[in-house]
1. Looking at region 56-80 only, could you name the residues that are touching a residue at least 12 places away in the same chain (Cβ under 8 Å), assigned to a helix (DSSP H, G or I) and touching a Ser or Thr at 6+ places or on another chain (Cβ under 9 Å)?
2. Counting only residues that are closer than 21 Å to ALA276 by Cβ and hydroxyl-bearing (Ser, Thr, Tyr), give me the helices (runs of 4 or more DSSP H) lying completely in region 147-253 with at least 2 of them.
3. Which residues, counting only those in region 188-244, are among the charged types (D, E, K, R) and at pLDDT 90 or above?
4. Is it true that some residue in region 89-99 is part of a loop (DSSP other than H, G, I, E, B) and open to solvent by 50 Å² or more (accessible area, probe 1.4 Å)?
5. Which residues, counting only those in region 32-64, are within 23 Å of the chain's Cα centre (by Cα) and of a type in the set (S, T, N, Q)?
Amino acid sequence: MAVEQRPPGNAGLAIGSGSRLSRCCVRAVLLLGVLVSLFPFYWLVVLASGTTQDIYRYPPKLVPGPHLLDNMGRVLDTVDFFGSLFNTVVVAVLGTVLVLFFDSLAAFAFAKYEFPAKKFLFGMLLVTYMIPAQLSLVPQFVTMAAFGWAGSLKALIIPGAANAFGIFWMRQYAQNSLPDELLDAGRIDGAGFFRLYWTVALPLFRPALAFLGIFTFIGLWNDYIWPLVVMIDPDRVTLQVALANLNVLYNTDYALVMAGALMSVIPLIVVFLIGARHFLRDLAAGAMKM
C-alpha cells in the first residue's frame, strides 16, 4: 500500500513565506514608484509656498512654506487668471469632445468597414502623424487668417477636432474589442452605420475613450506654441500664455511662477482622477466579463 508523501511543515512555511516576501517586494517597488511620481508635484508645492530666496537656499528647503496664499494672490493681481482659465476650459472641453467623436467615428470605419483606398488613406494618416507640428504653424496660421479666425477660440478648437494619434489608437482598440458578431446582429435588426456606432461600438469604446479624453484634454490644456501664435488679441489668451507673462526677463520672481504653475495644474489633477477612475472601472468590468 502506497503511503502518501506530504511535504514537511517547515517546507510549507518556507513556500508561504517566500510568496509573502515576493508580494511585499512588489508592493515596496510600487510604493517607491508612486513616491517618485508624486515628488515633482510635492516639490512644486514647496517652491510655490516659499519665496525666491528660499528657492536659492542650499541645502534646499524640503517642507512647504507659509507664503502659498500670498503668492497665489499676487498671481491673480498680475495676470487675468480667471479670464484665461475660462478660455482654456472652453478650448480643452470642446476640443476633447470633438476629438472623441470624430476619432472614434473614423476609427470605427477603418476597423470594421471596407471601402476603396482604405489602406492608402490609413497610411497617409500615419504619415501626417510623423510630421512635426511646428512645420504646420505658418500654413495653419495663414489658413486661420483667411477664415477670419485669427485671435478667436475657433482657431484653437476646429483645427484639432481630429488627429492621427486618436484615430490610430481607437482603430487598434476597435479591432480587438468589437466583435464582428455584434455588428452582424445589429445589421440583422436593421441598424445602419451611425446606429451601430452609437449603440454598439461606443459602449465598448469607453476605456479607450477615457484614455484618449485624458490625453487630449491635457494636451490642449498645456498647449503653448499654437495659442501664442494665433491668439493675436492679448485679452483672449489661454492660461499657459497668460502665465508666461510672469516670467519676465529681469528679476524673475520664481516663487510667483511656481504658484501660477500650481494653480494651472490643479484642474488637470481633478480631470485625471475622474477620467482614470472610469478608465480603470471599465477595464476591470471587461476583465470580469472575460
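The values are calculated or read from the model by the stated rules, or taken from the named source; none is laboratory data. Keep in mind that what you see is a predicted model, and the values were worked out from it rather than measured. Here Cβ is always computed from backbone atoms with ideal geometry, including for glycine, and neighbour counts include all displayed protein chains. Ligands, DNA and RNA are stripped out before the accessible areas are found, and what is left, the full protein with its side chains, is counted by its heavy atoms. Shrake-Rupley method; radii C 1.70, N 1.55, O 1.52, S 1.80 Å.
1. Within region 56-80, LEU68, ASN71 meet the criteria.
2. Per the criteria, 164-177.
3. Answer for region 188-244, where residues must be among the charged types (D, E, K, R) and at pLDDT 90 or above: ARG195, ASP223.
4. Residues of region 89-99 part of a loop (DSSP other than H, G, I, E, B): none.
No, every residue in region 89-99 fails to be part of a loop (DSSP other than H, G, I, E, B) and open to solvent by 50 Å² or more (accessible area, probe 1.4 Å).
5. Once the filter is applied, which keeps residues that are within 23 Å of the chain's Cα centre (by Cα) and of a type in the set (S, T, N, Q), region 32-64 yields only SER37.
Table: residues versus (1) polar (S, T, N, Q); (2) open to solvent by 50 Å² or more (accessible area, probe 1.4 Å).
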{"residue": "THR128", "(1), (2)": "yes, yes"}
{"residue": "SER136", "(1), (2)": "yes, no"}
{"residue": "THR143", "(1), (2)": "yes, yes"}
{"residue": "ALA146", "(1), (2)": "no, yes"}
{"residue": "TRP169", "(1), (2)": "no, yes"}
{"residue": "ASP189", "(1), (2)": "no, yes"}
{"residue": "ARG195", "(1), (2)": "no, yes"}
{"residue": "GLY213", "(1), (2)": "no, no"}
